[in-house]
Amino acid sequence: MPARKEMPSTLRRSPRKAQETWGRTHDAAVEEYGEGERAHRTAFSSLKHSFEKVGDHWEPKARKGPSDAQAARSRAQRPTKTAGGVDANASKQHLMDVAKRLEIRGRSSMTKQQLVEAIQKANDRSTRRAR
């Protein structure tokens with residue numbers, strides 16, 4: 001099973017359901033597209049519909065669906081920047097709660113987009129520390 005060997009460390013610290021979602025999608029994508037970046041992108045795209053990245057791991061989202069503008073687009077449209085696993089479509093209150101858990105300073109005066117960017121940076125820092 002190729003997915004087990006290539007599973008990112010953030011997923012190894014995540015719930016079994018997240019690991020299974022990523023693994024099944026990755027293996028199917030490898031069969032379809034071959035091993036490589038496209039299989040990884042496909043697996044993460046699938047994962048982001050049900051999970052969001054919080055710190056150095058993935059947690060279930062309250063509602064399933066696309067996590068950002070890029071995930072909501074069709075393949076034919078021009079790509080946009082992703083939110084790196086942050087559920088940018090979540091409510092501002094949810095993003096404030098996540099920012100509080102991650103101890104992000106200045107969160108009370110941030111816009112929704114600023115919260116998404118701050119959470120993304122905090123997630124990246126947590127992941128680097130955990131490696």
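Can you tell me which residues in region 103-131 are assigned to a helix (DSSP H, G or I), under 25 Å from S14 (Cα atoms), over 14 Å from the mean Cα position of the chain (by Cα) and without any contact (Cβ under 8 Å) to a residue 40 or more places away in the chain?
So in region 103-131, the residues assigned to a helix (DSSP H, G or I) come out as 107-109, 112-130.
In the following step, the residues that additionally are under 25 Å from S14 (Cα atoms) were identified as 115-130.
Narrowing further to those that are over 14 Å from the mean Cα position of the chain (by Cα): 115, 118, 125, 128-130.
Passing the criteria: L115, A118, R125, R128.
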Filter region 97-117 down to the residues that are out of contact with any helix residue (DSSP H, G or I) (no Cβ under 6 Å at 6 or more places or on another chain) and aliphatic (A, V, I, L, M), then identify the one that is modelled with the highest pLDDT. M110
Within region 53-93, of all residues that are surrounded by 16 or more Cβ atoms within 10 Å (Cβ to Cβ) and either part of a helix (DSSP H, G or I) or basic (K, R) (or both), the one modelled with the lowest pLDDT is A71
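Would it be correct to say that E37 is at pLDDT 90 or above and over 15 Å from T10 (Cα atoms)? Steps first, answer last, please.
Values: at pLDDT 90 or above: no; over 15 Å from T10 (Cα atoms): yes.
For E37, the condition - at pLDDT 90 or above and over 15 Å from T10 (Cα atoms) - is not met.
The values are calculated or read from the model by the stated rules, or taken from the named source; none is laboratory data. Please read these numbers as outputs of a predicted model, since none were measured by experiment. Please note: Cβ atoms are built from the backbone with ideal geometry, for glycine as well, and neighbour counts cover all protein chains shown.
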